[in-house]
């Protein structure tokens, strides 16, 4: 099964929106852009593993860097800073963890 940005992005954004709650309208544009970048990194890393172009460790580094970037961007915008941003990103990842890991056959997320 291939990973597809259009398949995971709505789930990622929906989970982040639920976690952000009343803060969502203020951070929506920034969050959606940041989460799109994160989701794209997940797809590219996963596809790299599937195709053999990337090792599991290389894919994990790509995803970890994207996670840090998304959390950092959101931390600057979210009331509650780093902790709130981390909860939002964690919720987004948790929403797609099982599907992504199953699609690529390794525990990437």
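The values are calculated or read from the model by the stated rules, or taken from the named source; none is laboratory data. For clarity, every value in this text was computed on a predicted model and none was experimentally measured. Every residue, glycine as well, gets a Cβ built from its backbone with ideal geometry; the counts of neighbours run over all protein chains shown.
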Which numbered condition residue 48 fails, given (1) more than 16 Å from the chain's Cα centre (by Cα); (2) modelled with pLDDT under 95: (2)
Number of positions in the stretch 20-45 that are within 16 Å of residue 109 (Cβ to Cβ) and either under 11 Å from the mean Cα position of the chain (by Cα) or surrounded by fewer than 21 Cβ atoms within 10 Å (Cβ to Cβ) (or both): 9
Lone unmet requirement of (1) more than 16 Å from residue 109 (Cα to Cα); (2) more than 13 Å from the chain's Cα centre (by Cα); (3) surrounded by 19 or more Cβ atoms within 10 Å (Cβ to Cβ) for residue 85: (2)
Test for residue 45: is it in contact with a helix residue (DSSP H, G or I) (Cβ under 9 Å, 6 or more places away or on another chain) and free of Cβ contacts under 8 Å to residues at least 60 places away in the same chain: no
Cβ pairs under 7 Å, 6+ apart, first in the stretch 10-33 and within 14 Å of residue 78 (Cα to Cα), second outside any helix (DSSP H, G or I): 23/78; 23/79; 27/78
